[in-house]
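Trainee: Could you have a look at this structure, given as structure tokens, before my questions?
Values quoted throughout were computed directly from the atomic coordinates according to the rules given, and no laboratory measurement underlies them. What you see is a predicted model; the values in this text were computed from it and never measured. Cβ atoms come from the backbone with ideal geometry, glycine included; neighbour counts cover every protein chain shown.
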């Protein structure tokens, strides 16, 4: 059931995008998302060109990018339909209480494009960056928040440990499920409510075991002198290379172009 | 010089009943005195609930004694300031290989300890290379721990401890969840480290086959240290060990049984080779081999 989720999956390849500092990719994704909301009409051409060039540079097959959309297509259609029927303006088609307006078509198309591009944009980041590097990037980028007592290091550590234990817990879920099935549990038949109820005998032992694992791991980490982020050095400290600065310049130029298109040309 | 020294060590904890009855005091460790010299290979034996794991957790200050004192490399574990120094000197490997690996890449996990100690980046990489090589895991450095076998995971855990440059490694039943191949693999790696690096090893186990390599064996029962000596001395007391619900190696058991039947075979035989030698000696001895006539 997890195989459709491309967000968080890594596609190993040797490309410029893969080699970029994870912080650049994180900031780049943010800038791209901002630009999607800056664009009004023809600006999306710029967004499309930018997106496709990055996909080409990343050497990740296009099919992989689109797979991420499968998880959200219901949300996508829902948003588009709502926008299509509920926007007020010049009516172009009417049936009973339903009506489609010229403005509605425009907004629906815009929302659709925005959502699709947003998801592809985020997929590029996760497909080209290992989860560990992504956590490192977040830890480093959000470090200023420590001044307002946000436990940045701890959150990053929790994320990387969660990533480490996802496969272990999934295997365990499978084992528990088979053990329950061997004793006659039925997960396949019945309506939705019955099926959800049937999950309880899986979830309870899974939680118990997860807590036990957490306890063991905490002990093992303490035994290896873990005492929070203070005084800790890093095995792979993030250092910007010249290509990262170049990438930042491209991103800034892109953002500036997006804003200029909107402000000057009213696109 | 002793690296680990316990003086009248006691550890009690309260055990709460299920329906709010009065908590009961459990004496997990009682009046343990022991001394472990640097470079030794020590085994601690005992059946479940004998207090051996509790004792082990005192050796790197994960637990602090409720009575008596524990010194690790001349540092008292009661001192809060020295906790991290103690844990650097005395590393610990636990039973479940999955629950002690922090990172999703082998080499990053080995680097976790040195990172916590604040070791500079270049030095971390040197230590990671070094300890992966010593444990024979260098080929798996970029792998995910999830794809390794149990024995390999435990070797990664040992490498992770070695990267902290400890003087002593405490292993709390490191082979209990492994298959025979994995057990052999882990014990071999630890013995090599003990011999080549001179690291003190304290192995807690209930597999008797792992004990025969030790310089010194401690046997625990109900929180007390009940026997102490070389493996040969310990395994000369087969009946006492049985009373403590401990097994002895099969060959020791066989020799003991033959001796009870009247065969003139020495006590405390540890290996098959030794057993064969003893039997051959009796046969070659000729006339006085009383019950051996049949072959």
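Trainee: In nm, give the distance between the simple-model label positions of residue A:245 and residue A:260, each being 7 Å from the Cα along the Cα-to-Cβ direction.
Mentor: 2.3 nm
Trainee: Can you grab the distance from the C-alpha centre of the stretch B:182-240 to the C-alpha centre of the stretch B:1-56, Å, no decimals?
Mentor: Comparing the Cα centres of the stretch B:182-240 and the stretch B:1-56, I get a distance of 17 Å.
Trainee: Take every Cα pair under 8 Å in chain A that's 6+ residues apart, average their separations, divide by the length, and report that relative contact order as a whole percent.
Mentor: On the way: 235 pairs, mean separation 78.0, N = 267.
Reported relative contact order: 29 percent.
Trainee: Right, here's the next one. Arranged by the count of other C-beta atoms within 10 angstrom, fewest first, what order do A:259, B:279, A:124 take? Walk me through the numbers before you get to the answer.
Mentor: Numbers: A:259 15, B:279 18, A:124 25.
Listing A:259, B:279, A:124 from fewest to most nearby Cβ atoms yields A:259, B:279, A:124.
Trainee: With a cut-off of 8 Å between alpha carbons and a minimum separation of six or more residues, what is the relative contact order of the stretch B:140-295 in percent? The partial results should precede the final answer.
Mentor: Numbers: 158 pairs, mean separation 21.7, N = 156.
Relative contact order for the stretch B:140-295 comes out at 14 percent.
Trainee: Restricting to the protein assembly as shown, what percent of DSSP beta bridges are antiparallel, rounded to 5?
Mentor: 60 percent
Trainee: Separate question: Can you pull the mean other chain C-beta count within 10 Å for peptide B:110-120? Don't skip to the answer; put the middle values down first.
Mentor: Working: counts 1, 4, 7, 5, 5, 8, 11, 7, 5, 3, 1.
Taking the mean over all residues of the peptide, I get 5.
Trainee: Here's a follow-up. Please determine, in degrees from 0 to 90 and to the nearest 10, the orientation of helix B:150-162 with respect to the longest principal axis defined by the Cα atoms of chain B, where the helix direction is its Cα long axis.
Mentor: Compared with the principal axis, the helix lies near 60 degrees.
Trainee: With angles folded into 0 to 90 degrees, how steeply does helix B:250-260 sit against the dominant principal axis of chain B? Use alpha carbons for both and round to 10.
Mentor: The helix B:250-260 is inclined about 30 degrees to chain B.
Trainee: Taking only Cα atoms, what is the 0 to 90° angle, nearest 10, from helix B:180-197's long axis to the longest principal axis of chain B?
Mentor: 70 degrees
Trainee: Find how many whole Å separate the alpha carbon centroid of the stretch A:197-249 from the alpha carbon centroid of the stretch B:66-130.
Mentor: Taking the Cα centre of the stretch A:197-249 as reference, the centre of the stretch B:66-130 is 17 Å away.
Trainee: With each run of n ≥ 4 DSSP H residues scored as -39500 (n - 2.57), what mean residue ellipticity at 222 nm is computed for chain B after dividing by its residue count and rounding to the nearest 500 deg cm²/dmol? Walk me through the numbers before you get to the answer.
Mentor: Values: 11 runs with 105 residues, N = 295.
Theoretical 222 nm ellipticity from helices: -10500 deg cm²/dmol.
Trainee: Let me ask another. Calculate for chain A the 222 nm mean residue ellipticity that helices alone would give, adding -39,500 (n - 2.57) per DSSP H run of length 4 or more and normalising by residue count, nearest 500 deg cm²/dmol. Spell out each step's value before the answer.
Mentor: Values: 10 runs with 183 residues, N = 267.
One gets -23500 deg cm²/dmol as the mean residue ellipticity at 222 nm.
Trainee: GNM, chain B, Cα, under 10 Å: largest mean-square fluctuation among B:199, B:190, B:226?
Mentor: Highest fluctuation of the listed residues: B:226.
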